[in-house]
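A quick write-up on the structure given underneath.
The values are calculated or read from the model by the stated rules, or taken from the named source; none is laboratory data. Nothing here was measured: the structure is a model prediction, and the numbers come from that model. With ideal geometry, Cβ positions are generated from the backbone for all residues, glycine too; neighbour counts draw on all protein chains shown.
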Amino acid sequence: MSLYRELARPILFRSDAEDAHLRVLHLLAQWQAHPKVSADVVQQLLHVADPRLHVRAFGVDFALPIGLAAGLDKHAEATHTWGWLGFGHAELGTITPQPQPGNPRPRLFRLPADEALINRMGFNSVGAAKVAENLFATRPFAIPIGCNVGKNKETPNEAAVDDYVAAIEQLRGLADWFTLNVSSPNTPDLRKLQAPGAMRALVEQSVAAAGTTPVLVKVAPDFEDDALEQTVDAVLEGGAAGVIASNTTLTRPNLRETARASETGGLSGAPLKHLATATIRRVYARTQGKVPLIGVGGIATAEDAWEKLLAGADLLQVYSALIFAGPGLAKELHLGLLDIMEGEGVKSLAEVVGQERR
Ligand SMILES: Cc1cc2nc3c(=O)[nH]c(=O)nc-3n(C[C@H](O)[C@H](O)[C@H](O)COP(=O)(O)O)c2cc1C
């Protein structure tokens, strides 16, 4: 029996999704501040240590491949706890240069029958200065930490570069990598920054601002024709160190929860899985392994994770499945990956990246 599924989840799912989220995040922040349940004990329970799971990507060593995706800890309030819960890295944010409230609530919806979420948070952020303060006060961290940055809603796209650069400058030295989020569907016109001309300029200037810290770009799963390939070319020309695929989708593939399906926002979780994997496959075909990829979207089992590695991902992230499966998820996925590796006779994850094409 899973304590989370049988006990905690039914209680959490009785409240509004964002209220439940805030309550859990508050508990995690409290735990970080006063680790009464010793972090060591929980880490012993949830951590997996095995050299076969090690990944080196964009100059950073990751002891474990599965990390926390952006959007859950937007303000770096519980940074330590993600490692304690067995994740190999955590991406914080999206962080905007100035604080902003995001969209009006309700703006986060559960679709339990689909194991999915729809959100239209709209970059609620305490702002880069406050996040920098939080990180500065709690560092160093046991796992690599990424800072995912975006633009303020009121900033027009013509001035977007200044916002990304301002956020990076305020967070410089505090993150192991930066991610440029140009793929949230909830900030008007944000995805237009993926157009090749805008993309290249944004990456170039962000890379210059980040100094020696690698800069990644997170793309959408909703590209038409060869627009994704053109975006990827621009990302590489601009000097990015990697690509994250993908963000949430505006499409609504075969949902059971038809009432909720019409909520505006980005869909994540199980129904996103194949679209996200297809996006990774296309990005990998274009990058040819020149830069590492982080695969995210609908990962709930070790088989899902394996599929994304085969499609070309070096590292992986999860968000939605954590809401449905609870705190044992990272361990379950890591142990499951080790089982698959044993079965396939694979000694390191690097051996399988992109192998479905060979
Ligand atoms: C409530 C919520 C908020 C999110 N906020 C962000 C965000 O601020 N920045 C970002 O890059 N991605 C954000 N995401 C997208 C996730 O990082 C991830 O790309 C997406 O949910 C797909 O992964 P999943 O299917 O494992 O959830 C958010 C997702 C959810 C569900």
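For this structure, a couple of remarks:
- Members of the stretch 205-227 found to be in contact (Cβ under 8 Å) with a residue 40 or more places away in the chain, away from the ligand (no atom under 14 Å from the Cβ) and in a loop (DSSP other than H, G, I, E, B), listed by number: T213, P214, F223
- Some residue of the stretch 148-166 being farther than 15 Å from A78 by Cα, surrounded by fewer than 22 Cβ atoms within 10 Å (Cβ to Cβ), over 18 Å from the mean Cα position of the chain (by Cα) and hydroxyl-bearing (S, T, Y): yes
- The criterion of being under 20 Å from D314 (Cβ atoms) and surrounded by fewer than 17 Cβ atoms within 10 Å (Cβ to Cβ) does not hold for E237.
- Failed condition for T277, given (1) assigned to a helix (DSSP H, G or I); (2) in contact with a Pro (Cβ under 9 Å, 6 or more places away or on another chain); (3) free of Cβ contacts under 8 Å to residues at least 40 places away in the same chain: (2)
- Taken together, the residues in the stretch 300-320 that are more than 19 Å from H54 (Cα to Cα) and touching a helix residue (DSSP H, G or I) at 6+ places or on another chain (Cβ under 6 Å) amount to 1.
- Residues of the stretch 165-189 classified as in a helix (DSSP H, G or I) and either touching a strand residue (DSSP E or B) at 6+ places or on another chain (Cβ under 7 Å) or at pLDDT below 95 (or both), total: 3
- Taking the stretch 283-358 as the region of interest, the helices (runs of 4 or more DSSP H) fully inside it that hold 3 or more residues being away from the ligand (no atom under 15 Å from the Cβ) and surrounded by fewer than 21 Cβ atoms within 10 Å (Cβ to Cβ) are 329-344.
- Taken together, H54, H34, H89 contain a single residue that is away from the ligand (no atom under 11 Å from the Cβ) and crowded, with 20+ Cβ neighbours inside 10 Å, which is H89.
- Checklist (1) within 16 Å of the ligand (Cβ to nearest atom); (2) in contact (Cβ under 8 Å) with a residue 24 or more places away in the chain; (3) surrounded by fewer than 20 Cβ atoms within 10 Å (Cβ to Cβ) applied to D19, failing item: (2)
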